[in-house]
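Encoded as structure tokens, the structure appears first; notes follow it.
The values are calculated or read from the model by the stated rules, or taken from the named source; none is laboratory data. Only a predicted model underlies this, so the values are computations on that prediction, with no experimental measurement involved. We place every Cβ from the backbone using ideal geometry, glycine too, and count neighbours over all the protein chains shown. For accessibility, only protein heavy atoms count, side chains too; no ligands or nucleic acids. Shrake-Rupley method; radii C 1.70, N 1.55, O 1.52, S 1.80 Å.
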Amino acid sequence: MANQSILTVNQVSKVFSLSRKKQLQAVKELSFSIRKGETFGLVGESGCGKSTIGRLILGLYTPTSGTIRYRDQDIHQLKGKKQQHFRQKVQMVFQDPYASLNPRMTVMDIVAEGMEIHQLASGKQKREMVYQRLEQVGLQSDHASRFPHEFSGGQRQRIGIARALAVEPEFIVADEPISALDVSIQAQVVNLLRKLQQEQDLTYLFIAHDLSMVKYISDRVGVMYLGRLVELAASDELYRRPLHPYTQALLSSIPVPDPRQARQPKRVLLSGEVPNPIDPPSGCPFRTRCPHAMKICAEVDPTEIEDTPNHWVACHLYT
Amino acid sequence: MEKESFQPIQRNFLSYQRLERKQVGFWQDAWYRFRSNKGALLGAIFIICIMFFAFFGSSFSQYDYYSQNLLEVDQGDSAQHYFGTDSLGRDLWARTWYGAKISLLIAFLAVALDVLIGVTFGGISGYFGGRVDDTMQRVIEILYSIPNLIVIILMLMWLEPGIIPIAVALSITGWVPMARIVRAQVLKLKSQEFVLAARSLGASHRRIFIRHLLPNTVGPIIISVSFSIPSAIFFEAFLSFIGLGLRPPQASLGVLVNEGYRYLQLYPHQLLWPALLISLIMLGFNLMGDGLRDALDPKMKR
Amino acid sequence: MTPLLTVNNLHVSFHSYQGEIQAVRGIHFAVKPGETLAIVGESGCGKSVTAQTIMRLLPSTAKIVQGEIRYEQQDLTQLTEVKMESIRGSQIAMIFQDPMTSLNPTMTIGQQLMEGLRKHLHLNKRLAKKRAEELLSLVGISNPHLRLKQYPHQLSGGMRQRVMIAIALAGDPKLLIADEPTTALDVTIQAQIMELLKSIQEKMGMALLLITHDLGIVAEVADRVMVMYAGKIVEHGTVDELFQHTKHPYTWGLLRSLPQLKQSREESLVAIPGSPPDLLHPPKACPYVNRCLQAMVICDQTPPELTACSSTHQVACWLEHPMASKEHENRAGGDE
């Protein structure tokens with residue numbers, strides 16, 4: 001039961017047309033599956049397509065090709081009641097605690113909105129449920145009459161989590177839920193997400209650019225670069241034995257809050273920057289910054305191979 | 001120092017997420033901001049005073065705006081006639097305030113129509129985007145490319161001049177800026193995360209539009225209204241001045257300026273009062289509009 | 001060594017209709033020539049306001065309530081705007097968080113770079129251009145000759161931050177203030193920019209005042225660290241003292257709320273509960289008392305003074321008082 005996948009992303013691509021000639025391939029032939037009850041982490045730098053995949057999974061975007069199946073149903077083919085059911089069971093927690101709450105609605109209205117849409121409760125019962133959700137995320141029930149601008153960033157993020165929880169979801173896409181928060185608050189929110197996961201048996205897709213936090217919260221981690229998944233492994237395995245040169249570089253660029261360690265000569269410092277996704281390099285997308293680039297990297301786009309069981313990597317070094 | 005001072009505090013850990021500031025709602029916040037702007041407050045006072053006299057000013061005088069008295073033509077101000085009389089002996093105090101009332105009514109009606117059409121059109125155009133938006137924008141561009149004076153003159157030749165026809169004629173092209181403002185605002189808002197959140201909760205288009213988009217466009221709409229009222233008054237005055245407006249004994253500020261202007265060299269006060277009132281209304285609304293912009297514009301928020 | 005910059009009892013407030021927001025509430029510190037001092041803290045703790053006050057770049061709603069900022073015998077808070085302009089750029093320079101908004105989009109990189117060179121160093125056009133090219137190669141930009149003609153939007157985020165650094169270096173400043181220089185950048189680029197700042201500092205021998213929320217970056221580049229909380233300094237010391245002999249519960253909390261790469265998923269993170277106080281009504285006693293797990297009765301009554309625990313290490317906490325229980329000391333350096 002534990003290994004049963006709840007969501008399968010199969011060869012999904014998404015192309016945005018910017019103008020008649022320019023096209024942006026945000027996600028290219030991405031495949032992975034998420035098991036029920038686990039936390040699946042996605043990391044990558046800005047523009048790598050990690051947020052696009054989150055929105056594809058929520059059905060906010062339609063894929064250019066490929067399918068996303070939730071409980072064996074193609075989510076982009078859902079209609080009517082089934083679609084509403086999907087919209088109830090799959091929820092999102094957003095990055096920006098300021099933009100993700102409607103400034104003109106009270107906390108009560110924000111949290112209750114989903115219950116109203118899905119007709120889960122009304123009247124007094126609805127209010128009681130909102131209070132309960134607020135307390136569950138560490139707020140107080142008398143906060144319900146307040147407006148979002150009265151709360152701090154971390155508190156707003158809690159409201160956003162309460163809104164998602166209100167409709168009793170099974171699957172939550174958390175799109176950089178902590179990157180806009182202060183360090184001391186990040187840990188609060190992460191601990192809250194983990195507590196809720198245990199209480200409600202939730203499955204998470206946790207999207208972030210901070211590998212240390214993703215590694216900590218996730219069971220398995222996928223590393224993305226320029227719209228592609230370059231490595232996928234259990235999080236401890238990824239940390240212990242990173243295969244892809246990009247993963248290695250990401251791991252070593254994390255500043256360590258320990259002066260003794262920081263002073264040691266270190267790390268794979270990458271040269272250059274992420275290429276423009278409108279005009280990606282031929283072959284392997286990472287070859288322009290890769291310290292191990294070979295001739296073949298410019299010619300052939302590497303395919304994913306399973307290096308050791310459950311550890312996938314897309315790199316010519318391992319073929 | 002006491003030893004007890006260094007005992008640990010026993011605390012209730014549930015009270016960690018608390019709010020210290022007192023509750024300030026959106027409108028309350030805007031009001032505090034508005035209040036601190038002296039110019040805006042002055043503008044608002046002008047407008048309230050003018051509106052008071054426009055609607056109740058006639059009761060301070062025994063005269064009405066249409067009765068002629070050929071024995072008392074072209075008088076200066078006196079205790080009887082506060083603003084004097086015109087060339088037909090009509091009391092100018094009564095006529096000026098009546099004219100102000102009509103001008104304001106025309107402006108309010110025209111702007112209400114602007115808001116109704118502009119919000120609907122701009123909202124639909126911005127929300128649905130894509131081809132719908134393209135088509136609707138072309139319509140706006142075509143409307144904008146026709147000189148509005150021609151449209152209004154044609155309209156008024158077809159309809160009898162009156163309060164409603166003039167208001168309709170003004171809003172025929174007047175809603176376009178409103179539609180643009182609403183569209184821009186909706187375009188900006190619809191990609192915000194709170195709208196995405198509502199969509200991922202399964203909210204219908206109607207719900208998103210009414211509960212999420214519209215309340216957040218109220219600020220810019222109010223600001224725009226506070227600037228389009230004076231411009232409607234000005235335009236109405238202009239129409240009356242060139243003879244396309246109301247016909248005497250009906251009066252609006254424009255009609256009065258037109259009449260007063262004929263005797264400018266002999267009796268300058270006949271022009272002075274309506275012209276002064278137009279200026280004060282314009283000034284008042286513009287000052288208030290500036291204040292409203294500061295009070296309602298979220299960019300100013302700290 | 002005489003300090004380059006000394007800040008004494010600085011208080012800065014913002015005015016709002018709800019009252020006075022006391023962003024900085026009495027801070028003292030000094031920057032020595034050539035050293036790197038980091039100011040760490042969360043948003044709203046007053047670290048950026050401090051930087052803006054030194055540069056006299058505060059918005060009009062802010063005012064310096066009291067205090068002095070001494071730079072080479074002059075009090076910067078008293079200088080006229082004209083005199084301040086001659087100090088900005090040539091003596092003290094600043095780089096900002098967002099390299100996109102701090103460059104003028106309608107001017108080429110060359111124009112923006114040469115503006116400072118001609119103003120502060122009075123170079124002629126040809127020399128300014130030559131110097132601009134040197135500066136660009138100094139900050140690691142290849143083909144400086146071509147880059148001079150480009151506009152900011154043609155460069156990536158990391159490149160733009162390099163250009164900002166080059167502009168800041170144009171006047172050959174003795175003190176560089178970097179306000180969250182890498183926060184808007186991706187991790188791999190962050191590492192590049194920090195390396196660059198370090199190497200430039202060594203080459204040019206200037207002092208660096210680094211403002212950041214990232215303790216990892218502090219550990220890598222700073223000599224001394226100052227931790228700010230709710231407008232006050234709570235702990236101040238060398239990097240080793242601060243990270244290995246952490247005294248203040250807030251500093252300790254910040255360090256513990258970061259996940260360690262080797263940390264297993266079973267251990268939960270040690271979060272600091274609650275949120276920082278509202279500086280519209282700043283707490284009279286210790287500002288951290290409501291979030292502190294070791295708070296004592298006195299913490300809620302009397303504000304702790306910044307007291308020295310070594311010649312370089314100071315902390316503002318009642319736990320350092322001889323009458324306080326010493327149990328908490330076990331935790332510092334406990335990861336040995």
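Peptides B:232-242, A:16-26 ranked from most to least packed by the mean count of surrounding Cβ atoms within 10 Å: B:232-242, A:16-26. In this Cβ point-charge picture (+1 for Lys and Arg, -1 for Asp and Glu), the protein assembly as shown has a dipole of about 1460 debye about its Cα centre. By DSSP, the beta bridges lying fully in chain C are antiparallel in about 60 percent of cases. Electrostatic bookkeeping for residue B:186 treats Lys and Arg as +1 and Asp and Glu as -1; over the other residues with beta carbon under 12 Å from its beta carbon, the sum is +3.
Set Lys and Arg Cβ to +1 and Asp and Glu Cβ to -1, take the dipole of the protein assembly as shown about its Cα centre, and tell me which of C:140, C:318, C:191 lies farthest positive. With unit charges placed on the Cβ atoms, the residue in question is C:140.
D by Stokes-Einstein for region B:151-263, Kirkwood Rh over Cα pairs, 25 °C, 0.890 mPa s: 147 µm²/s. Ranking C:257, C:325 from most to least accessible surface, computed with a 1.4 Å probe over the protein chains only, gives C:325, C:257. In this view, the solvent-accessible surface of residue B:32, computed with a 1.4 Å probe and all protein chains in place, comes to about 50 Å².
What is the mean number of Cβ atoms from other protein chains located within 10 Å of the Cβ atom of each residue in peptide B:207-215, rounded to a whole number?
Values: counts 3, 0, 0, 0, 6, 4, 1, 1, 4.
The per-residue average across the peptide is 2.
Once the convex hull of all Cα atoms in region A:177-225 is built, its volume per residue stands at 77 Å³. Peptide C:258-266 is shielded by partner chain Cβ atoms: per residue, an average of 6 of them sit within 10 Å of its Cβ. For region A:193-294, the Kirkwood hydrodynamic radius comes to 15.5 Å, computed from all pairs of different C-alpha atoms.
The figure for residue C:145 is an accessible area of roughly 90 square angstrom, using a 1.4 Å probe on the protein chains alone. Taking the C-alpha atoms only, the angle from helix A:153-165 to the longest principal axis of chain A is near 80 degrees.
Taking every residue in A:208-219 and counting other chain Cβ atoms within 10 Å of its Cβ, the average works out to 3. Is the C-alpha gyration tensor of chain B telling us rounded, prolate or oblate? Criteria: a/c under 1.5 is rounded; beyond that, a/b larger than b/c is prolate, otherwise oblate. Here chain B falls in the oblate category. Quick check on region A:5-318: of the DSSP beta bridges with both residues there, what percent are antiparallel, nearest 5%? The antiparallel fraction comes to roughly 60 percent. Its residues counted as N, region B:26-164 yields a C-alpha radius of gyration over 2.2 N^0.38 Å of 1.54. Of the residues B:27, B:93, B:273, the one with the largest accessible area comes first in the ranking B:27, B:273, B:93, computed with a 1.4 Å probe on protein heavy atoms. For residue B:261, the solvent-accessible surface with a 1.4 Å probe is about 120 Å², rounded to the nearest 10. Given R0 = 60 Å, the distance between the Cβ atoms of residue B:276 and residue C:142 translates into a calculated FRET efficiency of 0.30.
Stokes-Einstein diffusion for the protein assembly as shown at 10 °C, viscosity 1.306 mPa s, with a Kirkwood radius from C-alpha pairs, works out to 49 µm²/s. Across region C:61-200, Cα-Cα pairs more than 24 Å apart make up 33 percent of the total.
Choose one of A:179, A:310, A:277: the residue whose Cα lies farthest towards the positive end of the charge dipole of region A:5-318 (beta-carbon charges +1 Lys, Arg; -1 Asp, Glu; about the Cα centre). It is A:277, whose Cα lies furthest towards the positive end. Kirkwood radius and radius of gyration were both taken over the C-alpha atoms of region B:100-156, and their ratio Rg/Rh is 1.09. In this simple spin-label model, placing a label point 7 Å from the Cα along the Cα-to-Cβ direction at both residue C:198 and residue A:106 gives a separation of 5.4 nm. Averaging the Cα positions of each part gives two centres, and for region A:227-305 and region B:248-283 these lie 78 Å apart. Taking every DSSP beta bridge that has both ends in the protein assembly as shown, the antiparallel portion is near 60%. Peptides A:86-96, C:120-130 ordered by packing proxy, namely the average of other Cβ atoms within 10 Å per residue, highest first: A:86-96, C:120-130. Based on the alpha-carbon gyration tensor of chain C and its eigenvalue square roots a ≥ b ≥ c, which shape applies: rounded if a/c is under 1.5, prolate if not and a/b is larger than b/c, or oblate? Taking the square roots of the gyration eigenvalues as a ≥ b ≥ c, chain C is prolate.
Shown is the FRET efficiency for residue A:85 and residue A:141, computed with R0 = 30 Å from the Cβ-Cβ distance and rounded to the nearest 0.05: 0.55. Ellipsoid semi-axes for region A:5-318, based on the Cα gyration tensor and the rule √(5λ), read 36, 23, 17 Å when sorted largest first. Here is the tail figure for region C:1-124: Cα pairs spaced more than 19 Å apart come to 56 percent of all pairs.
Extension gain, residue B:222-residue B:149: 0.36 nm per intervening residue step, less the Cα-Cα distance, totals 23.7 nm.
Relative to the Cα centre, what is the charge dipole magnitude of region A:5-318, using +1 at the beta carbon of each Lys and Arg, -1 at the beta carbon of each Asp and Glu, and rounding to the nearest 20 debye?
Rounded to the nearest 20 debye, it is 440 debye.
Based on the Cβ-Cβ distance of residue A:299 and residue C:150, what FRET efficiency does E = 1/(1 + (r/R0)^6) give at R0 = 22 Å, to the nearest 0.05? Taking R0 as 22 Å, the efficiency between residue A:299 and residue C:150 is 0.10. Counting lysine pairs in region C:109-245 that sit 8 or more residues apart in sequence, or on different chains, and whose Cα atoms lie under 21 Å apart gives 10.
The protection proxy used here, the mean number of other Cβ atoms lying within 10 Å of each residue, ranks peptides A:278-284, B:141-147 as follows, highest first: A:278-284, B:141-147.
Among residues other than residue A:105 with Cβ under 13 Å from its Cβ, the summed charge is +2 (Lys and Arg +1, Asp and Glu -1).
Projecting the Cα atoms of C:225, B:256, C:18 onto the charge dipole of the protein assembly as shown, computed from C-beta unit charges around the Cα centre, puts B:256 farthest toward the positive end. Under the convention that each Lys and Arg Cβ holds +1 and each Asp and Glu Cβ holds -1, the size of the dipole of region C:1-156 around its Cα centre is about 640 debye.
Beyond 17 Å, what share of the Cα-Cα pairs of region A:84-169 is found? Please give it as a whole percent. When all Cα pairs of region A:84-169 are counted, 40 percent exceed 17 Å. Only helices enter this figure: runs of n ≥ 4 DSSP H residues, each worth -39500 (n - 2.57), summed and divided by the residues of chain C, yield -8500 deg cm²/dmol at 222 nm to the nearest 500.
Which three semi-axes in whole Å describe the equivalent ellipsoid of region A:280-319, each the square root of 5 times a Cα gyration tensor eigenvalue, listed largest first?
The three semi-axes for region A:280-319 are 19, 9, 8 Å.
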